[in-house]
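One structure is given below, encoded as structure tokens.
The values are calculated or read from the model by the stated rules, or taken from the named source; none is laboratory data. These numbers come from a predicted model, not from an experiment. Backbone-built Cβ (ideal geometry, glycine too); neighbour counts: all protein chains shown.
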Amino acid sequence: MFPTTIAGSLPKPSWLAEPDKLWPQWRVAGADLAAAKLDATLLAVKLQEDAGVDVVTDGEQSRQHFVHGFLEFVDGIDFANKVEMGIRNDRYKAMVPTVTGPVKLKGRVHGAEARHARAHTKRKLKITMPGPMTIIDTIADRHYGDRVTMALAFADLLNAEARALEADGVDVIQFDEPAFNVYMKEVTTWGVEALHRAIDGVGAKTAVHICYGYGIKANIDWKKTLGSEWRQYEQTFPLLAKSAIDQVSLECANSHVPLELVELLRGKDVLVGAIDVATDRVEAPEDVAATLRAALQYVSADRLYPCTNCGMVPLTREVARAKLCALGAGAAIVRAELSG
Ligand code: ZN
């Protein structure tokens, strides 16, 4: 009961990449970089295992950023001439690459780290990728001329990689869609359809992660504008409940999300965020247990996966490790209570 998992990312060792940055520079290059990424992947898996995480990830150690780590494996994108674009409905500006031709995968994206992790853990393994809506919200377009057409083109690439990850032995494939909390109308008109394209024919479990972002200043300022109750999920969860996606990952810890909205996901696995990634304060196991107990009012015990609110990449390694341990220990408390 209560298999624990994490949203996806963990901080990288400082011998691999600059610490404390969302867009870090790699510290090594060439064949050394490829080897260092795999070494860091192994460490990330081990840390999760030791903390009691049941569905482990590669810690996203092989990618510079959660969106661009995918895009760098796509042909048809000009990375040399980045343009400034307001993203997440202009919440912040970023220098983004431009789509200049039909998008096509250059080859495998996450094959090396997925196979390496698979070879070294007996736990269930999850690999995350950016969702189609979040991708097209993080890239400029000079080819398709239509955001939806471009999103569906990316969904086909995600689908090819998802099928290959399943063949690598990956158990859960998760798409990160923070854009689903920003463009709720588009989720209805084409967002779920694009996700369905991405999971078409995939036999592994599929998940979507929808959050209020990392604890960076632009997000903290944005959250202040959302009022005392964050009800964005109210519009998207009913659609996801009817969708073919197996699992939904959401934030609950220290959040203004009314927990009763979780009820809207009945029938799905719910990855309950019980670790706040926007603070260095490490939760006590009892804090985690309290969040899980509260969520149990709205999700049945066999569908609840204790999780983190979002990726832990902006945290220090020591804080992230301590939070992983709190997650495992907090889940164990409630597990013991329920098994009496
Ligand atoms: Zn997130």
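You will find that of 10, 22, the residue that is within 16 Å of the ligand (Cβ to nearest atom), among the hydrophobic types (A, V, I, L, M, F, W, C), part of a loop (DSSP other than H, G, I, E, B) and at pLDDT 95 or above is 10 and no other.
Filtering the stretch 137-151 to residues that are in contact with a strand residue (DSSP E or B) (Cβ under 7 Å, 6 or more places away or on another chain) and aliphatic (A, V, I, L, M) leaves 139, 140, 150. Here residue 252 passes the criteria (1) at pLDDT 95 or above; (2) surrounded by 21 or more Cβ atoms within 10 Å (Cβ to Cβ); (3) closer than 21 Å to residue 302 by Cβ except the one numbered (1).
Would you call residue 84 over 27 Å from residue 170 (Cβ atoms) and either aromatic (Phe, Trp, Tyr) or more than 16 Å from the ligand (Cβ to nearest atom) (or both)? Against the criterion (over 27 Å from residue 170 (Cβ atoms) and either aromatic (Phe, Trp, Tyr) or more than 16 Å from the ligand (Cβ to nearest atom) (or both)), residue 84 qualifies.
Scanning the stretch 189-231 for residues that are small (Gly, Ala, Ser), crowded, with 17+ Cβ neighbours inside 10 Å and assigned to a helix (DSSP H, G or I) yields 191, 194, 198.
Considering only the stretch 211-222, how many residues are within 16 Å of residue 87 (Cβ to Cβ) and either within 13 Å of the ligand (Cβ to nearest atom) or acidic (Asp, Glu) (or both)?
Within the stretch 211-222, the first condition is being within 16 Å of residue 87 (Cβ to Cβ), and the residues that meet it are 211-214, 216-219, 221-222.
This time we only want the ones that are either within 13 Å of the ligand (Cβ to nearest atom) or acidic (Asp, Glu) (or both), so: 211-214, 216, 219, 221.
Of the residues in that region, 7 qualify.
In the stretch 98-115, of all residues being out of contact with any strand residue (DSSP E or B) (no Cβ under 9 Å at 6 or more places or on another chain) and among the charged types (D, E, K, R), the one that is surrounded by the fewest Cβ atoms within 10 Å (Cβ to Cβ) corresponds to 108. When 55, 148, 74, 99 are screened for being closer than 16 Å to residue 165 by Cα and modelled with pLDDT of 95 or more, only 55 passes.
Matching residues to (1) of a type in the set (Val, Ile, Thr); (2) on the phi > 0 side of the Ramachandran plot:
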site	(1), (2)
87	yes, no
111	no, no
118	no, no
138	yes, no
152	no, no
169	no, yes
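The set of residues from the stretch 271-281 being surrounded by fewer than 22 Cβ atoms within 10 Å (Cβ to Cβ) and either under 19 Å from residue 177 (Cα atoms) or among the acidic types (Asp, Glu) (or both) comprises 278, 280. The listed residues are 82, 93, 106, 126, and the only one of them that is touching a Phe, Trp or Tyr at 6+ places or on another chain (Cβ under 6 Å), charged (D, E, K, R) and under 30 Å from residue 183 (Cβ atoms) turns out to be 106.
I'd like the full set of residues that are within 22 Å of residue 59 (Cα to Cα) and of a type in the set (A, V, I, L, M, F, W, C), limited to the stretch 172-201. Give the derivation first.
Start the filter on the stretch 172-201 by keeping residues that are within 22 Å of residue 59 (Cα to Cα), which leaves 172-179, 198-199.
Result: 172, 173, 175, 179, 198, 199.
Quick grid of which residues meet (1) farther than 19 Å from residue 89 by Cβ; (2) in contact with a Ser or Thr (Cβ under 8 Å, 6 or more places away or on another chain):
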| position | (1), (2) |
| --- | --- |
| 201 | yes, no |
| 207 | yes, yes |
| 211 | no, yes |
| 214 | no, no |
| 217 | no, no |
| 228 | yes, no |
| 233 | no, no |
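Number of residues in the stretch 152-188 that are within 16 Å of the ligand (Cβ to nearest atom), part of a helix (DSSP H, G or I) and farther than 19 Å from residue 138 by Cβ equals 0. Does the stretch 193-203 contain any residue that is more than 16 Å from the ligand (Cβ to nearest atom), under 23 Å from residue 86 (Cα atoms), more than 16 Å from the chain's Cα centre (by Cα) and in contact (Cβ under 8 Å) with a residue 60 or more places away in the chain? Yes, the stretch 193-203 has at least one match.
Of all residues in the stretch 80-95, those that are closer than 12 Å to residue 222 by Cβ and in a strand (DSSP E or B) have Cβ atoms under 8 Å from Cβ atoms of residues that are at pLDDT 80 or above and among the β-branched types (Val, Ile, Thr), 6 or more apart or on another chain, in 87/96; 87/138.
Okay, residues lined up against (1) crowded, with 24+ Cβ neighbours inside 10 Å; (2) in contact with a His (Cβ under 7 Å, 6 or more places away or on another chain); (3) under 18 Å from residue 200 (Cβ atoms); (4) not charged (D, E, K, R):
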{"position": "143", "(1), (2), (3), (4)": "no, no, no, yes"}
{"position": "152", "(1), (2), (3), (4)": "no, no, yes, yes"}
{"position": "171", "(1), (2), (3), (4)": "no, no, no, no"}
{"position": "174", "(1), (2), (3), (4)": "yes, yes, yes, yes"}
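For the stretch 131-151, the set of residues classified as in a helix (DSSP H, G or I), in contact with a Leu (Cβ under 9 Å, 6 or more places away or on another chain) and β-branched (Val, Ile, Thr) consists of 135 only.
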